[in-house]
1. For residue 78, give me every one of the lysines with a C-alpha distance below 28 angstrom, ignoring sequence neighbours fewer than eight places off in its own chain.
2. Just to be sure I understand the curve: with the Debye formula and one point per C-alpha of the range 174-270, what is log10 I(q)/I(0) at q = 0.13, 0.22 Å⁻¹?
3. Points 7 angstrom from Cα along the Cβ direction at residue 100 and residue 175: gap in nanometres?
4. Sticking with the crude label model, points 7 Å out along Cα→Cβ, report the distance from residue 54 to residue 4 in nm, one decimal please.
5. Nearest 20 debye, what's the magnitude of the dipole of the chain about its Cα centre given +1 on Lys and Arg Cβ and -1 on Asp and Glu Cβ?
6. Would you mind ranking 18, 147 so that the residue whose beta carbon has the fewest other beta carbons within 10 Å leads the list?
7. What ranking of 34, 209 emerges when the number of other C-beta atoms within 10 Å of each C-beta is taken as an exposure proxy, fewest first?
8. With a Cα-only, solvent-free Debye model of the range 91-205, what are the log10 I(q)/I(0) values at q = 0.12, 0.15, 0.19, 0.22 Å⁻¹?
Amino acid sequence: MNMEIREKYPKTLLNKGTGFLTDYSHSLNPYTGCSFGCSYCYVRQMPVSLFRQDEWGTWVDIKKEAASLLRKELSRAKAKGKVTIFMSSSTDPYQPIEYKEQVTRSLLEVMVQEPPDFLFVQTRSPLVTRDSDLLLRLRERVRVSMTVETDREDIRKAYSPQAPPIQARLKALAQLKEAGVPTQATIAPLLPSSEAFPELLAPLVNRVCVDDYFMGDGSGGKRTRSLGIYKLYKELGLEEWYHPAAYKIVYERLRRVFADDQLYLSQKGFAP
């Protein structure tokens, strides 16, 4: 797939935490757009996507000079009080272009020098392991949340063919654990998975968050419905998984392997 890559010089980087992210003082997106282009992504129904003519998943804007801008904004924000940052809310901070551009790494370097009270890193990319050295320096002030929506690669290919393979993400979790970086596995949005899924996660993390379209897209599932995602479930004969109660299937399986205080649902699993 041809990606349209543009360079932008933003005026601001830190955005006020609102809605689903009210537990955070700020959200931080190193890029605009996302080349993973997952079929179910709620950002497809947000202004950042709707006001752009190109299809979501076919373009990424690189935020240039982001580190110097963050340094100024972070200093100002810290002077006003507690700073907790969610990175990222409407893109993946570890886009494939990040290999070359290293915008996210430059932001982490700033945060190592001027640590926020807490940083939550949300990604589905194994590239996050590259930055273990910086993440370790943030110690208990950071948590890496690796999206693993399913353990089935056939399901991953059907719903998010441009995203990294499941096995690569599990390997990344193992590497982060070995390095000592605080992590969690995030089953969000919950996709059809096998009974063995919890056993795969058990050696890798001691914290799991489960979320679905109905709890987590910020509109009770309306944003996702408007994407026509149910059609894909129907085509695959998986309609029972597109239901507000479907998360209980996986949650109950997880409870056989994880303690209740290791399991989180929706917003609580993303909180600092």
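1. Output for residue 78: 8, 11, 16, 63, 64, 268.
2. So the normalised log intensities are -0.49, -1.13.
3. So the label points at residue 100 and residue 175 sit 2.1 nm apart.
4. Distance between the two pseudo-spin positions: 0.5 nm.
5. 760
6. 18, 147
7. 209, 34
8. -0.42, -0.64, -0.99, -1.25
Each value in this text was obtained by applying a stated rule to the coordinates, not by laboratory testing. The structure displayed is predicted, hence computed values, not measured ones. Neighbour counts are summed over all protein chains in view; Cβ atoms, including those assigned to glycine, are modelled from backbone coordinates with ideal geometry.
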